[in-house]
Amino acid sequence: MEMPEPRPEILANKAGLIARLQSVLSRDAVIEDPAETQAYECDALVAYKCAPLAVVLPSSTEEVAAVLRICNDMGIPVVPRGSGTSLAGGALPTADCVILGIARMNDVLETDYDNRIIRVQSGRTNLSVTGAVEEEDFFYAPDPSSQLACAIAGNIAMNSGGAHCLKYGVTTNNLLGVTMVMMDGTVIELGGAHLDAGGLDLLGLICGSEGQLGVVTEATLRILAKPEGARPVLMGFDSNEVAGACVSDIIKAGVLPVAIEFMDRPCIRATEAFAGAGYPDCEALLIVEVEGSDAEIDEQLALILKIARRHSPVELRESRSAEESARIWLGRKSAFGAMGQINDYMCLDGTIPVSQLPFVLRRIAEMSGEYGLDVGNVFHAGDGNMHPLILYDANKPGDLEKCEALGAEILKLCVEVGGCLTGEHGVGIEKRDLMTTQFTHDDLDIQMAVKDVFDPKWLLNPAKVFPLDVSGPRRAA
Amino acid sequence: MDVIETEATLAERLRDAQGPIRVLGGGTRSIGRPVQGEALSVAGLSGVVDYEPGALTLVVKAGTPLQQIEQTLAAEGQRLAFEPMDHRGILGVDGTPTIGGVVAGNVSGPRRIAVGACRDFLLGVRFVDGAGRIVKNGGRVMKNVTGYDLVRLMAGSHGTLGVVSEISLKVLPTPETVATLTLHGADGERALAAMTRAITSPFEVTGAAHVPGPDPAVHLRLEGFPGSVEYRVQQLKFRLSDLGEITVETLPERNVELWRRIRDVEALQSAYALWRVSMKPGAVYSGLLPALEQWAQCDTLMDWAGGQCWIALSEDEAVSLAEAHGIEDAAGGAAWLHRNLQEAVADRQINQGGGGHATLIKGPDALRATVSVFQPAPAPVATLAAGLRQRFDPQGILNPGLMN
Ligand SMILES: Cc1cc2nc3c(=O)[nH]c(=O)nc-3n(C[C@H](O)[C@H](O)[C@H](O)COP(=O)(O)OP(=O)(O)OC[C@H]3O[C@@H](n4cnc5c(N)ncnc54)[C@H](O)[C@@H]3O)c2cc1C
């Protein structure tokens, strides 16, 4: 992975930078010792590592503004960081950058149940937002699998999704407002507690901008009343095609499940060996969950089961208790962990039109054979967001490169069938160089023009999202 | 008027443009400051490009009539869940609303509180920018975070950043059953309490509106499978029983008609000037409405559980405002109220720290030409918006001034 050369004059003036940062932050909020900055050398895309020049951990919007003013003034790149769980290398440092970690800013600023909002500092973890309101039977809907660790700031930057987004949408659909610091230190507010923009929808633009337009320090989020209950059903099929057709029929029938999760045979076998959830040994497995009161759930599940039976399932397992529900989810929830037990893996994130599911799964199996690397599939089927997991051995020379090449082929396939490179993890550095397969020169140029407006010196989160040769002239300007 | 038939001619036309252009779809939503310029219609860019009911996705050209889309979807038991309002009634115009106009205005309806706005259902757009470049963003799949999100930026940009040529949408199944609970005689805080209890319940209310007047009422809509709707009607009725007399409407046609009237703000159609205020419900009831009472006699209608407040000023009242404040004419009187509303919405005492905006939706040209139709943004945000406009439309030819 190519990264821009660190600028020697920045490296040479580290002491000058540290002195200025220390003048606006408390002593323990500026980290410069290489032994400690190393902890920030990567995010969850561990194949790429680079220790930053320094790390700052501000405690307030004002401190964030003070840091950014200094870095802007000295021309120092800044990489915002939440919890470092990005799977795309979104928070990967450069050797001449300052990592701006938001983790110390995790307060709840306001909860307002009547108006269904919560305002938090952006370093707060996703799960603890729900944690702050669940006593009153409310929740925050977007639920990435990493929700125990990931921060709202990272969720906003990546426009993260989750298992339940078929019904509740992703981050951008649940975000009402932000406080954001621009690279020059200006503090702005976008949105608020109201439902739509009074002018251009800049909030919508910020969400998913991968930390390249500003540093988000506070967020106003929609909270919802918890449904009375939820129950999953598990179905096994003897082909991916049939499982795919069943998904499509459920959707067409007018039921809107909160989740439709899909696992293929390699993934079922791995999780069975790891978690022993008692899954059937079949080609494809669906977990469909619906919500409501007991009677409402029965009504919806009856319809879903009727549809499923038309597709000759090899297994149909309806949950009748909380324990049974937990068992059904157990395998799905431990899928990534299970795959990690067998091997190193790379998790892809392309989205495809649902109708292309059987074709794409067949092509992935063929490519997996050609490359000699196993691929397991576990994903959100209702919305076509695939997560092929490519297994490789990091200790075997050449295996990572082979895995990346296969990954790129799979993502190109997603684009070819009318889909996209990333459904919820973001571009980061991982998919940066594939952007030209999905976008034309003009498509990318106008996105970069947005960056010009928000961050004219291109200092925020350098070398992400746009291929280096495409962004080169702007970065040099 | 120039009627465009293909995206390529649209691009050519904008590339060669010599002066300002007034972009039109069906021409039924002339919102914003009046624009001088040559009219350019995209109504000729029409038709369904792709519809996959099993994937809940629809791709259409921007000039496609809304009615055609609704019929196409209805044939598969689906719909545009964000329930775009029809502006023809309040604006007193004819014409054929197009999907492009809906997107340009981020036009949504009562179901916005439950499922989201127009912008939340947009999966992708193709547009031509002011320099004549064809750009795509997003796609036709349900989840997509590849690159910056210009889809939401285009929604509600009123044709000032680019001319949208193609739109991908998420659609949803139309529920089998609908019912509306009406709480009679509820006004003010009691109306707010009813709507708040309803939308903070787990019963997925898909409409919550308060219609004041001599016979004030709060309407709450439930949709879904028959057994489920029946169950939730009973539950809600029970939870609201202390607030007044409740009746339940289950006839489908009556429900459609009731919510269409609310959606299209039919009760306030005869207004001389009409505003749409967006604030959190609590701030509307305890901040805005009391302030409004001090200034003028207006009719109102609250949708989105109170989060969207329509304010109508009659011509007579506009004249008396003008007289009372020593201003020349009715437009001047309305302008006076306009400025008060926008200041109030920006006032943290009134918006309770939650922000908001007041937008003039209807008014004579004389009024719309002299005031800031859209809520003015603080300087740094206005600078960003101006910067974006400059990049997307370097010559300033697309609906120039419309959003200023
Ligand atoms: C096991 C596992 C499961 C996962 N499951 C899911 C899933 O189901 N759905 C999903 O969508 N993702 C998932 N992810 C990916 C990841 O958790 C999300 O992308 C998450 O939102 C990242 O949050 P973070 O706080 O860790 O951000 P980081 O990794 O620290 O940063 C992510 C991006 O946000 C930017 N950023 C951070 N803070 C700020 C700020 N204050 N202002 C501006 N930009 C900022 C960074 O620069 C970077 O570009 C998973 C990851 C793992 C490891």
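The values are calculated or read from the model by the stated rules, or taken from the named source; none is laboratory data. Note that the coordinates shown come from a computational prediction; the quantities given were computed from them, not determined experimentally. All Cβ positions, glycine included, derive from the backbone under ideal geometry; neighbour counts span all protein chains shown. Note: areas computed on protein heavy atoms with side chains; ligands, DNA, RNA excluded. Shrake-Rupley method; radii C 1.70, N 1.55, O 1.52, S 1.80 Å.
Summary table below
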item	result
Within the accessible area of region A:228-379 (1.4 Å probe), percent carbon and sulfur	48
A/B buried area, accessible surface, summed, 1.4 Å probe, Å²	6600
Gain upon complete extension [A:Glu315, A:Leu109; 0.36 nm per residue less C-alpha separation]	69.4 nm
Region A:230-416 - Rg (one decimal) and Dmax (whole number), Cα, Å	16.6, 57
Computed label-point distance, nm, for sites B:Glu12 and B:Asp347 using a 7 Å Cα→Cβ extension	5.6
Hull volume in cubic angstrom per residue (convex hull over the Cα atoms of region B:177-263)	82
Label-to-label distance, nm, for residues given as B:Arg260 and B:Ser320 (7 Å Cα→Cβ offset)	3.5
Heavy atoms of A:Lys306: accessible area, 1.4 Å probe, square angstrom to 10	130
GNM top mover of B:Gly387, B:Gly124, B:Gly159 - chain B, alpha-carbon springs below 10 Å	B:Gly387
GNM top mover of B:Val59, B:Val93, B:Val103 - chain B, alpha-carbon springs below 10 Å	B:Val93
Under Karplus coefficients 6.51, -1.76 and 1.60, residue-wise ³J(HN,Hα) of region A:85-98 in Hz, glycine/proline x	9, 4, 9, 10, x, x, 10, 5, x, 10, 5, 9, 9, 9
Cut-off of 10 Å, at most 15 other beta carbons, DSSP loop: longest stretch of chain B lacking such GluC sites (Glu not before Pro)	B:6-175
Acute angle (nearest 10 degrees) that the helix A:357-371 long axis makes with the longest principal axis of chain A, alpha-carbon atoms	70
Solvent exposure of chain B as accessible area per residue, Å², 1.4 Å probe	36
Across A:Lys167/B:Lys143; B:Lys61/B:Lys170; A:Lys412/B:Lys136; A:Lys412/A:Lys457; A:Lys431/A:Lys451; A:Lys306/B:Lys143, pairs whose alpha-carbon gap is larger than 20 Å	A:Lys412/A:Lys457; A:Lys306/B:Lys143
Positive-end residue, chain B charge dipole about Cα centroid, Cβ charges, pick of B:Pro20, B:Gln234, B:Leu288	B:Pro20
Accessible area of A:Cys267 in the full protein assembly, 1.4 Å probe (Å², nearest 10)	0
Fluctuation leader among B:Val102, B:Val135, B:Val164 - chain B, Gaussian network, Cα springs under 10 angstrom	B:Val135
Inter-probe distance in nm under a simple model that places probes 7 Å from Cα toward Cβ, at A:Glu9 and A:Ala365	5.9
Region B:33-81-region B:340-356 distance, computed between alpha-carbon centres (Å)	36
Cβ neighbours within 10 Å from other chains - mean over A:171-182	2
Net lengthening on full extension, B:Arg339/B:Val248 (0.36 nm per residue, minus Cα-Cα)	28.7 nm
Residue-averaged [θ]222 nm for the protein assembly as shown, counting only DSSP H segments that reach four residues, each worth -39500 (n - 2.57)	-10000 deg cm²/dmol
Between region A:291-316 and region A:358-392, the Cα center-to-center distance that results, in Å	27
Computed E for A:Glu272/A:Ala322 - FRET, C-beta separation, R0 35 angstrom, nearest 0.05	0.95
Label point 7 Å beyond Cα of B:Gln71 along Cβ direction - residues of region B:80-113 with amide nitrogen under 17 Å	B:80, B:95-99
A:Val30, A:Val46, reordered so the largest accessible area comes first (probe 1.4 Å)	A:Val46, A:Val30
For region A:438-477 versus region A:201-280, the gap between their alpha-carbon centres in whole angstrom	32
Other-chain or far-sequence residues with amide H under 5 Å of B:Gly124's (modelled H)	B:Gly139, B:Ser168
³J(HN,Hα), Karplus 6.51/-1.76/1.60, whole Hz, each residue of region A:323-331, x for Gly, Pro	5, 5, 4, 4, 5, 5, 6, 3, x
Surface accessible to a 1.4 Å probe, A:His380 within the full protein complex, Å²	10
HN-Hα J in Hz across region B:60-72 - Karplus 6.51, -1.76, 1.60, θ = phi - 60°, x for Gly and Pro	9, 6, 5, x, 4, x, 4, 4, 4, 5, 4, 5, 4
